[in-house]
Structure formats: C-alpha cells, structure tokens
Amino acid sequence: MRKKSVRSILLCMIVILALGCAIILLIITEQPFKNDLRRTEKVNKEDEAVYVFEQEAGALQKLKLEPSDDESFIVYSKNAEAAKRGEYLLEGMETFETDAYALNNLIRGVRSFMLSRDLGKQENLVQYGLDQPKVSVTVWLDNTEKISFAVGSEAPSGGNYLLYQNHVYIGKNISWANTRRLELLDSTILNLQGLDIDAQMEDLSFDYLTIQNEDITEPLTIRQNIDNSEIYSYIIAEPVRAFGNDDAIDDILDMVKNLEADRIAALIEENTDLSEYGLDNPQNILTIATRASGTHTLKASNKTNDGWYLMVDDKKLIYLVTDNVLMTWTEKNAMDIRSPLILVPKLSEIADIEIQTDEVTYRFMIDLRGTSGEEQVTDIKGMEIPVDVFRQFYQKMIGLQIYDVWDSEIENGTYMSIMYRYYSESKEDKIIFYNLKESERACLVHVNGEAIGLIKKSTLDELTRVVQKIDKQEK
C-alpha cells in the first residue's frame, strides 16, 4: 500500500515535470517568431489589420525584390549602424548615386505594410495573381530570420493578395511593391556648384561652353567676354568670332546648372542598343568646362514622343527629360546664339579707318587719345570732322548686322571693304563684303579672311550714304 502511494506520487511528479518542460519549450521556441508571418492567429477573418514587422523586429539589413517585369535587385546596408541611419546601397550598382528619399520610402513601405485577412490555403492561385506574382520579396531584419513572400494582383476590397507559406492573405499599403531598381537611382544629371550666372561677370566660374545640334553642325565655342566695357557678356570664339547673344547663352547656362531627369530610362550595358534611344549618333552635344566642377559633356537625342533621351560624361545611364528646357540648347540655330553685330574695335583704339567701294575710297585719320590737346578726326583730304558727327557714323559701323550663317560661293570682286588700323602693335583688321553668285541682295562677310555670315547689301548701302553725307558736309 505504501509502495503504490510512492509510485503514484513519483508518476505525478514526472507528469508535472514533463508538462512544465513542454510549456518552457513552447515559450522558448515561440519567441523568435514574434514578428513572423507565421503568427497567423493574429490575422483574423475580419478586417482588423496588423503590421507584419513590428518595431521590435530591428533594422532592415537587406531587401530583395524580384519584379516580374524588370530586373531583380537587392537593397542592403553595410552594417547595423548604417541601417539605423537609413544608409542603403544597391547591390551591383554601388558606383551610381542613389536617391536616398526613394530608398528610404521603399524601406519604410516594407516595414509598415499590414495584413488584414487570412484566406487560408488556396489551390487555385491564378485568381489571386499569385501563380505569376508581380513581385517576390525577401526580407532580412536584425531580430528575425529571413522572411519571404509574394505580392499578387489587387484585391476588390483594396490592397493586394499576398502569398506566404501556402496561405493567401490580403495585404495593405503595398504600393512600394511597384518600385523598380532604376527609380532608386539619383535622377540629377548635372549639379554645377559655383556656376552662378547672376554673379558679376569677373566671378563667373565657367571657362567655355560648346554647343552643337542639327542646326549648328559645327560646334560654337562660347567664352566670357573679359572686356567688361563691352555691352555683351559673351564672345563666340569658334568657328567665327562674334559677340554672343547674352539672353540665349544665359538660358543655356541656367539649364545646365541644375539639370534633372524625369526618370532614368536604362543602364548602359554591353548589349544596350543606343539606337533605341536615338543616342547611337547624337546630333545634340553640349560641353561645359567649369572651374569648380570640371568638364562635362551632354549628348541628347532629338525630341521623341516621350521627350529627350540624354547621356552625360561616361556615366552608364540613359536619362529621360520631358521638360522643354532642353530646347534652349537643342532647338537653337547659330543666329539664335550669337549677336548679329559684326565685332568691331572701340573707336578709341583706332588710328584710322579706310572704307572702299567699287567707286570711291574714304579714309579717316583719328586721334581720340587726348595727346594732341583736342580730340579730332581728319579725312583723307585733310579736312577736320566734328567728333560727334563721326561718332554718329561709327554707330552705323557698329550696327552692321549679320542675318544668317551658311556657306556660299563668292564671285570675283568685292562690294565693299573696311580696314581698321590701330595705334598699338601696328596691326590692322580687314572686313571684306564679297558678292555672291546666288544672291544679288546679300554679301558674304569675311573678317581677316574668315567667313562669318551674310549681310544685306541694303545695310552696306546705308553705311555708304552716311559716309557720303559726311564727305559732302566737308566740301
């Protein structure tokens, strides 16, 4: 009797001990999956939404998205501290600048999406768009093991269907699942620090600008006009020497100073067909050399239905720009960029001017240096001309306007020529206006043997009339 009681007591103690161990084991094995999707009892049949990843799950270390319509990609953080600071990289694309805002929006979206309903196991996944999910997702967090799931089509009640361990759920706040890898790259094309077109011209921090497009087949090289006394801020240095159109050039500088793309269209890889983007032989090329940011070259397609496709420097990216701001560069011709005025010296630098037509030669000796006691102009016959009268004539000289730039075949002989001789360096400049075979109303202008464009004969005839008027006044 006593032996049976002892055995019964021992048996009861063994049972109690076993039950206690089972409970402890259940608690221990349950704890790591506190935030795991396997806690399906937390997702009821109603619409009481719960977060999949709670705050205690720790920082997101790595995220892999495998879209059905694009390349898969991995977002990762170098270490736990970087993850806490929200610093993430794109695996295999570390050389590209990323969009920190877009990356953190993706991370926040993954961390904050919710489940509102467990539909249980489903044999037919087609009706949920989960036979070929729009994106498959794998998440690694600090305090949980790897979690994988797939996002399907939109649910009629809102959200998307989601597949995890053979259960179909309805997930809310899944808009982040539409993110694609190129959307996570920085879409800034150029950000030229220190390029301030509103600054004083002597502080303007660009060295030169070259522009080419379908209408400007030979690149125009633009430099700053270092002579601050001139009315123009820029000089066209090549292929012709002329004043630049300040407004047009300011627009171009303003455009490149901080140029943003609407999106990145493609990565340039070995098999990328550039002709698909009109960039196999781009006609629109712009180069800007700055003191603070170095030299940058932009190449753009002609305008497409989508906009302009564009490459910059040696970046392996193709950008898409829809803003018409690129038209300040791609839709301009040479006469839009340059001033129409012929580049002439200041009157105070000139010793004499000789104007020759097919009938007569006019020559004026000039002394505006103040060394002779009085400023004076003397014509070839020795007659003095009032300085103010001659200045009115010289304004006509400065106002000679080019109206087009194109190659033309010249005839023998000239319509008019103008020669400037200087006080210093015994140098001279000569402007010759040649007759054209194909036009009786225009002349081709050469400055020191270099063709710079076309001028109307009526403009030259007006200059001749002013010279004749001065000559008659002196007789």
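The values are calculated or read from the model by the stated rules, or taken from the named source; none is laboratory data. Owing to the predicted nature of the structure, the values given are computational and were not obtained by experimental measurement. Cβ sites come from the backbone with ideal geometry, for glycine too, and all protein chains shown count toward neighbours. SASA here: full protein model, heavy atoms, side chains in, ligands and nucleic acids out. Shrake-Rupley method; radii C 1.70, N 1.55, O 1.52, S 1.80 Å.
Quick one: count up the residues across segment 424-450 that are touching a residue at least 60 places away in the same chain (Cβ under 8 Å) and out of contact with any Ser or Thr (no Cβ under 8 Å at 6 or more places or on another chain).
Here the count works out to 5.
Return yes when Asp306 is at pLDDT below 95, open to solvent by 10 Å² or more (accessible area, probe 1.4 Å) and part of a loop (DSSP other than H, G, I, E, B) and no when it is not.
Spelling it out, Asp306 is indeed at pLDDT below 95, open to solvent by 10 Å² or more (accessible area, probe 1.4 Å) and part of a loop (DSSP other than H, G, I, E, B).
Of the residues Gln122, Gln132, Gln127, only one is open to solvent by 40 Å² or more (accessible area, probe 1.4 Å) and in contact (Cβ under 8 Å) with a residue 60 or more places away in the chain; which?
Gln132
Of the residues that make up segment 229-243, is at least one more than 30 Å from Glu71 (Cβ to Cβ), part of a strand (DSSP E or B), among the small types (Gly, Ala, Ser) and at pLDDT below 85?
Checking segment 229-243: at least one residue is more than 30 Å from Glu71 (Cβ to Cβ), part of a strand (DSSP E or B), among the small types (Gly, Ala, Ser) and at pLDDT below 85.
Quickly run through segment 54-82 and pick out the residues that are over 29 Å from Ile268 (Cα atoms) and open to solvent by 10 Å² or more (accessible area, probe 1.4 Å).
Once the filter is applied, which keeps residues that are over 29 Å from Ile268 (Cα atoms) and open to solvent by 10 Å² or more (accessible area, probe 1.4 Å), segment 54-82 yields Glu54, Gln55, Glu56, Gly58, Ala59, Asn79, Ala80, Glu81.
Please count how many residues of segment 244-269 are part of a strand (DSSP E or B) and either touching a Leu at 6+ places or on another chain (Cβ under 6 Å) or open to solvent by 50 Å² or more (accessible area, probe 1.4 Å) (or both).
Matching residues across segment 244-269 total 6.
Starting from segment 306-335, keep only residues that are under 25 Å from Arg181 (Cβ atoms) and among the small types (Gly, Ala, Ser), then list their pairs with residues that are modelled with pLDDT of 90 or more and surrounded by fewer than 20 Cβ atoms within 10 Å (Cβ to Cβ) whose Cβ atoms are within a distance under 6 Å, requiring at least 6 positions of separation or different chains.
From residues that are under 25 Å from Arg181 (Cβ atoms) and among the small types (Gly, Ala, Ser), the pairs are Gly307/Leu320; Gly307/Thr322.
What are the residues in segment 77-105 that are without any contact (Cβ under 8 Å) to a residue 40 or more places away in the chain and either touching a helix residue (DSSP H, G or I) at 6+ places or on another chain (Cβ under 7 Å) or under 14 Å from Leu185 (Cα atoms) (or both), if any?
Within segment 77-105, Ser77, Gly86, Glu87, Tyr88, Leu89, Glu91, Gly92, Glu94, Thr95, Ala100, Tyr101, Asn104 meet the criteria.
Checking the structure you have, find out if any residue of segment 378-393 is in contact with a helix residue (DSSP H, G or I) (Cβ under 8 Å, 6 or more places away or on another chain), closer than 30 Å to Gln224 by Cα, open to solvent by less than 20 Å² (accessible area, probe 1.4 Å) and modelled with pLDDT of 90 or more.
Within segment 378-393 (the criterion being in contact with a helix residue (DSSP H, G or I) (Cβ under 8 Å, 6 or more places away or on another chain), closer than 30 Å to Gln224 by Cα, open to solvent by less than 20 Å² (accessible area, probe 1.4 Å) and modelled with pLDDT of 90 or more), the answer is no, since none of the residues qualifies.
What is the one condition in (1) open to solvent by 60 Å² or more (accessible area, probe 1.4 Å); (2) within 16 Å of the chain's Cα centre (by Cα) that Glu276 does not satisfy?
(2)
Select from segment 152-169 the residues that are at pLDDT 90 or above and at negative phi and list them in ascending order.
Gly152, Ser153, Glu154, Ala155, Pro156, Asn160, Tyr161, Leu162, Leu163, His167, Val168, Tyr169
Hey, does segment 439-453 have a residue that's of a type outside the set (Lys, Arg), open to solvent by 60 Å² or more (accessible area, probe 1.4 Å) and part of a strand (DSSP E or B)? Full working, then the answer.
Our first condition is that a residue be of a type outside the set (Lys, Arg); within segment 439-453, this holds for 439-440, 442-453.
Checking the rest, the ones that are also open to solvent by 60 Å² or more (accessible area, probe 1.4 Å) come to 440, 448-450.
So of that shortlist, the ones also part of a strand (DSSP E or B) come out as 450.
Yes: one or more hits.
Among the listed residues Val151, Val110, which satisfies the condition of being β-branched (Val, Ile, Thr) and either surrounded by fewer than 20 Cβ atoms within 10 Å (Cβ to Cβ) or in a strand (DSSP E or B) (or both)?
Val151
Would you be able to tell me the number of residues in segment 313-362 that are among the basic types (Lys, Arg) and outside any loop (DSSP other than H, G, I, E, B)?
1
Being within 24 Å of Ile216 (Cα to Cα) and in contact (Cβ under 8 Å) with a residue 60 or more places away in the chain is the filter here; which residues of segment 264-284 pass it?
Selection gives Gln283, Asn284.
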